[in-house]
Amino acid sequence: MKLGISLPVFTADVSRPLGMAARCAGLGVHGVFSPDHLFPPVFYPPSGPDRPALESFTLLAAVAARHPTLAVGTLVSRVTLRPAGLLAKQGAALDAMSGGRAILAVGSGDRASLLEHETYGIALPPTVADRLRLLDESIAAMRSLFEGRAWPGGDQVPALSGPLAPVGAPELWVGGRSDAVLAIAARSADAWNGWGQDPDAFAASVERLHVLADGRDVAPTWGGIALVGEDRADLQRLLAERDERGLSREGLWTGTAAELRAFADRLEDAGAAWCIVLPVGPTDRLELIAGTLRP
C-alpha cells in the first residue's frame, strides 16, 4: 500500500506546501495530493471568500518540477467547478510535465460547494442526480481525450474535439461514498477513494466496488484527516489543545502511532492501494506518520 500526504493549501504562504512536499520526498512518501477549492470551505475553518487558498494544479506542477520521485494528484477536483475539457487539459499537462506521475481524482461536488460557485459565478447543478450525471459523463469525455479520441457530446458535456497537446493520460480516480459514485468508479475509473471511512465501512465499500466492477480492475484508495499522537498521553494533550482552540473533531481520525499502524493494516487487508493522510497538529506529525507507515 502506497502512502500519500495531502498538502496544506489554505494559506497564502506557498513555502508551507512546498516545504512539506520536500520533506515527503525525503521520507520516502509515494505521492502528494491537493484538495481543489477556490477558498476554504465551511468544514475547513476559518472559511470564506476572504481566506486564501492556493490553486491546486499550479501547486502540483511546482511540486512535480522539484521532486521527480513523487506522484502528484488532486483529491478531489469537482466537475461542477471545472468543465471536463479544462480538467482534461490541466490533467494531461500535469501528467506530461511530471513524466507520467499525475493522478486526477474527481468528484461530483455537493451543496457545501454552493458559496464557491456563487462567489465566482459558476452554476451548480441543482440536484444530486444532475451532479452525478455530470460526473459520469465528464469521466467518459476525459477518458476519450486522454486516449486521443474526440468526445462526440452528450446530455451534460458538449462535444470536445481535442486533441490534447502535450499528450498526457493521468490516472483517473473518483471520490465519494455513495453507491451511485461507486457504480461510476466501477464503470469508468482507474481507482476509487473512500474519504474518511472507518475500516469496516471501507471494506464494505470495496466489496461493493468489486461487485459493481464485475471483473474490471479498479483500485480502492483511502484518504482522511488524522491527528496522531506518539502515545496516549501525547494524543490527549493534542486533543485538549484542539478543544481549547475551538476546533471540531468531526471527520477527524485520532489515535496513537501504534493505532495508526493497526488502522492502516486493516485498510490494506481490505484492499487499499493507497493510504492518503492529511496531517493536523504539530509540524512534526508528518515525520511521525511517515515513520509509522513507511518505516
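The values are calculated or read from the model by the stated rules, or taken from the named source; none is laboratory data. None of the values given here were measured: they were computed from a predicted structure. Cβ coordinates were reconstructed from backbone atoms using ideal geometry, including for glycine residues, and neighbour counts include every protein chain displayed. Accessible surface is based on the protein model in full, side chains and every heavy atom, while ligands, DNA and RNA are left aside. Shrake-Rupley method; radii C 1.70, N 1.55, O 1.52, S 1.80 Å.
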Calculate, axis by axis, the spread of Cα positions in the stretch 1-77 along the three principal axes, and write the results as whole Å, longest axis first.
35, 25, 18
Give the residue from Trp192, Ala270, Val106 lying farthest towards the positive end of the charge dipole for the chain; charges sit on Cβ (+1 for Lys and Arg, -1 for Asp and Glu) and the dipole is referred to the Cα centre.
Val106
Carbon and sulfur atoms: what percent of the 1.4 Å accessible area of the chain do they account for?
54
Spin-label pair Leu247/Asp130, simplified geometry with 7 Å Cα→Cβ offset, distance in nm:
3.6
Quote the FRET efficiency, to the nearest 0.05, computed for Asp155 versus Asp200 with a Förster distance R0 of 35 Å and r equal to the Cβ-Cβ distance.
0.45
In degrees, nearest 10, the alpha-carbon axis of helix 56-66 is tilted away from the dominant principal axis of the alpha carbons of the chain by 70
Calculate the spin-label point distance for Ala233 paired with Arg177, positioning each point 7 Å from the Cα along the beta-carbon direction, and give it in nanometres.
3.5
With no solvent and one point on each alpha carbon, what is the Debye value of log10 I(q)/I(0) for the chain at q = 0.09, 0.10, 0.13 Å⁻¹?
-0.42, -0.52, -0.92
Between Thr11 and Tyr44, what is the label-point separation in nm under the 7 Å Cα-to-beta-carbon projection?
1.2
In order through the stretch 26-39: 3J(HN,Hα) via Karplus (6.51 cos²θ - 1.76 cosθ + 1.60), integer Hz, x for Gly, Pro
x, 8, x, 5, 7, x, 10, 10, 10, x, 10, 10, 7, 6
Cα axis of helix 128-146 to longest principal axis of the chain: angle in degrees, 0 to 90, nearest 10?
70
If DNA, RNA and ligands are ignored and the probe is 1.4 Å, what is the ranking of Thr58, Thr11 by accessible area, most exposed first?
Thr58, Thr11
For the stretch 19-172, share of DSSP beta bridges that run antiparallel, in % to the nearest 5:
10
Compute the long axis of helix 257-269 from its Cα atoms, compare it with the longest principal axis of the Cα atoms of the chain, and write down the angle in degrees, 0 to 90, nearest 10.
30
Roll a 1.4 Å probe over the protein chains and send me the accessible area per residue for the chain in Å².
43
Alpha carbon centre of the stretch 212-226 versus the stretch 133-191: separation in Å?
17
If R₀ is 35 angstrom, what is the calculated FRET efficiency for the pair Thr69 and Glu207, using the beta carbon separation as r and rounding to 0.05?
0.60
